[in-house]
Structure formats: structure tokens, C-alpha cells
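The values are calculated or read from the model by the stated rules, or taken from the named source; none is laboratory data. On a predicted model such as this, the values are computed, not experimentally measured, just so you know. Please note: Cβ atoms are built from the backbone with ideal geometry, for glycine as well, and neighbour counts cover all protein chains shown.
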Amino acid sequence: IGKKVQAIYLWWHKPVINKELLQSLPNLKVIANSGVGMDHLDLKLVASFGVKMANAPRAVSSSTADTGMALLLASARRLVEVHNISISPSMEYCEADILGVKVAGATLGIVGMGSIGYKIALRAKAFEMNILYHNRTQRKVQEEQAVGATYCKKIDSLLQQADFVMLVVSLTPQTHKLIGKRELKLMKPTATLINISRGAVVDQEALLAALQTGVIRAAALDVTSPEPLPRDHSLLKLKNIIITPHLGIKTDKATYMITEEAVENILAALNGLPLPSEVLPS
Amino acid sequence: VWYHRPVINEELLQSLPNLKIVASAGVGIDHLDLKLLSSYGVKVSNTPFVVSTDTADMGMALLLASARRLVEGHEMAVSPDTEYFPADWLGVEVSGATLGILGMGTIGYKVAERAKAFEMKILYHNRNQRKKEEESAVGAVYCKKIDDLLQQSDFVLLAVTLTPQTHKLIGKRELELMKPTATLINISRGLVVDQDALVEALQNKVIKAAALDVTYPEPLPRDHPLLKLKNVIITPHIGSATKKTRWVMVEEMTESIEAGLAGLPIPREVL
């Protein structure tokens, strides 16, 4: 059966693409990924077998940006905490204790201003937030002006000024543990860290310590390392954290669009045509 | 008056012969009998505009949390029983969906401004139609009949004032007009919704989900069915509950009280 397989549609990192699998599928022409992140694939290895790779960049940006904003708002207004208070069998709570953080007028620092980061900026602008961003390259002036975003060439400058820091980078060797003890210390003690990129972008042990000692106010993570975290992990026990199960693109519409994009790429590869969203090993 | 306490009734007013002013926190004054207070010569003030942004933010927070199953997702992520995250566990897409806003006052309009950035299609129903420029700025389409809004919306957000006309505005009929895939978000007052009809609609999948910052009463009795439904998010009336806004509210209330006691024109007087 291995000889019949010409295409793989990779759904949530399964199957695992390793040398063994590639050797057992001599007629494999293309691997289409369900999502935009390719950090789970050994791009050089796959290319060495003459297999093309594609991701699904268009379908993910709005859904992932929405997830980022959902987490920002939920964390600022302590939504999970207060929902649990509202439905708990005990009626003991003091209204004065459940104040949240005002979003309008607050400063959002976006780390990684690709398509997803930019869509977040568009949304945050409507919430009357001040927007700073850090990126490998500066965006065009018109793009910056459209969302009122100010470029921070040095990440330190962004970290020191932001009330909300949102991570929207791809995972690369350069962004691995981008946010560690040093970066968390630079952040305001009233600040919130939101991660919708990859768990490995954050030094998780450093984050745990920072949240436990009040170095930063709170965190909201759609991604962790690993997913899910071991059930005895200390991050799960914190009051000032929201963790979601990699919701990024988990909507009916996004799933449909991702599959459409994957099929487009697969059909193109099988017909010897250029792939709409080919990913090459850099 | 803070969170509807103390209750202002005839007994209380009779026992306070020198009462000059009641300053109410927030914008809603449905808990105050204005005619009664006026008959005792007591003036009333509220804090109308300062709450608008935070309340609009709360509306969007509830919309996003409900659509993306945030509370459920967090529970799954931290539950001791979770072994893996199922690949077919999905929420509903917000970007590009249709939002129907009932009540396009200051708060409703701020919700529209935010929803526009999510590329949402915006319908609204209001006592009066807004100006063309205001509609264009947020891409909002007026629905003269509430039924049209209910039938087309993926998310229905209530941002009306509670009045005799809006009491039980959303009942069994209205819920049945909504799409079975639709979500109801309430940031106005609990009494705008027929709560029993809502419970039934949620249990029978007449609508998909609800997210409520307000209920009747607040808080709900601990055995109320709304507390047990998986497709409901409830928050304890925190629309305006941020440090910055509460600070300004207290400042404004103090300002109104001082003016009232000095016999000067009262800022934010409610007539």
C-alpha cells in the first residue's frame, strides 16, 4: 500500500514524518500541512526525498488573531475566574475584589508582525489600544499608519512599555525561548503575556517563576510545551493563568478553509503545477 | 447607590428627611423609582458615559469566549483527566460572522466599532435609526423589524436600557426566530430576557449558546438551571469593573453629590 501513497494531508502533526516513513512511501510527491506552522517538520529531510511541502497560510490568520484577542480580553477581565465564581455553589464573593484591567487606552506590544500579528493590530486598534510592535523587519509606513502601530527595533523597548505582550512569531532557532527570565523582568509587573505562537517561544520555567512571584500580572497561553502539559505541571495550578487547548484555528470555517488550501496544494503537486503555498527549506 | 444597594423605597425616604441627592453608580437607573424620588424632592445622578467602553469590551469578551469555547477549553487544558486535546473539538468562527446589535446607544455603537475590526457583518435594531455617516463608519445595517435581525444573526447582543418596552424583549418567540447556531449575549439587564424561555431554548438546542453578564436576580439562586448548562458563560455584572473606570465613577459620583449638597446644577443629573 505504501507504493500507492502520493500525498499526505498532515492533520495536527500526525502521522510523524520521519526517515522510516519517507522510505516506505517511494511515490510520495507532496505533504500538505493543516495550518501555517512547519516547526514539527524536518524540511531538509523531506526535500531530500524529492517531496514537496505546503502549508495553509491564508486560512489561519483571522481565526488565530481572534484567539489572541479572545485571550487578551478574557485575561484582562478575569473572565474564567469570575465565571467560576458565578456558577459556584458558594455565594461568597466581594464585588470590589473582581476588578479587571481596562483595555481601552492600554498598550499592546505585538511580537511578530506577520499576517496574524497585523490582523491583531487591526482588531486592537478598534479597542482604542496603543500599539507597539517588534519584527525582523519594519513594516511599510502606510501599513503602520493604518493600525497606528509604532515599531520597536529593540524588543526591550516594547517589553518595558506594554501592558499586554502578545507573541505571534514563527518558531525558529532565533525565536526559541525568546521570552525568558530577562525579558519577563523587563515587562511591567502589571503586564499580561499572551502566547498564540508556539510553547517553545517561552521559557516555561521562567514564566512559572515570574507568575508565582508577581514579576508579571498574568498570562494567557493557547500553546504550551508540550501540549497538553503533564497533569502535575505547576502552571496548571496558578490562579493568574488561562490555558486553552491550542484553539488557534479550531473553528468550523477555518478547518474547512485549511482543508481546501491543502487540497489545492496536493492537486497542484500531483499535476506537476506550481504549489499555491509551497514551503521550501530555508 | 452601588450595585442597587441600598434599596430606595418610601420607608427609606421617609426616614431621611434631609436627603438631597441619590448618586447611582453606572448608567442604568431601572432600579430607581424616579417619580417617587422626585416627590420627595430628591435629585438623582448616574455615571453614563464612563462605563461605555468597558461594557462594550465586556460584550466582545463574552462573544469571543463563547464562540471559541474559551471557558470549556481552559477547563480541558487544566483538568486532571485530560490526556490529549481532541482534533475535532471546534468552536465557531467570529471573523466574517453576522452580529445583530439590539440597542445602538453609546455602548451598542462601541460594540459595532469593535466588531467591524473582526470583519463582522453588523445589523442593528434601535428605537431610531442612526445617521447615515454613523452607520457607514461601522458598516451597520438598520433592521426596522427585530425579526429580521434575529433571523440573520450568528450573534445577538443586547445593549438596550431596561424599560417597560424592553422588559422580556427576548422571549420564546424571539429565541425561536434565532438561528439554531446562534449565540445570545446579554450586557444590558437580566429582565430584558425571559430567563425561563432562555433555559428551555438552551436545553432544547433552539439556540446554540448564551453569555450573560447580567441575570435576574443577581446572583442567581445556586440551584438555577442556567448555572449547570455547558453552553452558558455567566459573569457577575462586571461590565464596568475595571480599576480605572471604577475610580472615575466614584469621582463623578462625588462631584454630583457635592453639587447637589451645594444647591448647584448637578452634573449627570437624571430627570
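Of note:
- Filter result for A:G50 (assigned by the TED database to the domain that holds A:A32 and on the phi > 0 side of the Ramachandran plot): yes
- A single member of A:S88, A:S62 is crowded, with 19+ Cβ neighbours inside 10 Å and either among the polar types (S, T, N, Q) or modelled with pLDDT of 90 or more (or both), and it is A:S62.
- In the range B:215-237, the residues that are under 21 Å from B:A67 (Cβ atoms) and either surrounded by 22 or more Cβ atoms within 10 Å (Cβ to Cβ) or away from chain A (no Cβ under 14 Å) (or both): B:T215, B:V232, B:I233, B:I234, B:T235
- Among the residues of the range A:37-56, at least one is part of a loop (DSSP other than H, G, I, E, B) and either facing chain B (nearest Cβ under 10 Å) or under 28 Å from A:I216 (Cβ atoms) (or both).
- Filter result (touching a residue at least 60 places away in the same chain (Cβ under 8 Å) and either farther than 18 Å from A:A7 by Cβ or outside any loop (DSSP other than H, G, I, E, B) (or both)) within the range A:19-35: A:V30, A:A32, A:N33
- Output for the range B:68-114, where each listed residue is crowded, with 24+ Cβ neighbours inside 10 Å, hydrophobic (A, V, I, L, M, F, W, C) and more than 7 Å from chain A (Cβ to nearest Cβ): B:L99, B:I101, B:L102, B:M104, B:I107, B:V111, B:A112
- As for the range B:252-262, it holds no residue that is more than 9 Å from chain A (Cβ to nearest Cβ), under 30 Å from B:A182 (Cβ atoms) and in a loop (DSSP other than H, G, I, E, B).
- Unique residue being more than 10 Å from chain B (Cβ to nearest Cβ) and β-branched (V, I, T) when the list is A:I241, A:I249, A:I258: A:I258
Here's the yes/no breakdown for (1) at pLDDT 95 or above; (2) assigned by the TED database to the domain that holds B:I170; (3) within 14 Å of the chain's Cα centre (by Cα):
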site: B:A182; (1), (2), (3): yes, yes, no
site: B:R189; (1), (2), (3): yes, yes, yes
site: B:D194; (1), (2), (3): yes, yes, no
site: B:L202; (1), (2), (3): yes, yes, no
site: B:I207; (1), (2), (3): yes, yes, no
site: B:A210; (1), (2), (3): yes, yes, yes
site: B:P219; (1), (2), (3): no, yes, no
site: B:D223; (1), (2), (3): no, yes, no
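- Residue in the range B:163-171 that is part of a helix (DSSP H, G or I) and either in contact with a Pro (Cβ under 7 Å, 6 or more places away or on another chain) or over 17 Å from B:L99 (Cα atoms) (or both) present: no
- Residue check, B:G26 surrounded by fewer than 16 Cβ atoms within 10 Å (Cβ to Cβ) and not in a strand (DSSP E or B): no
- Per-region count, the range A:195-235, residues crowded, with 17+ Cβ neighbours inside 10 Å and over 20 Å from A:G35 (Cα atoms): 16
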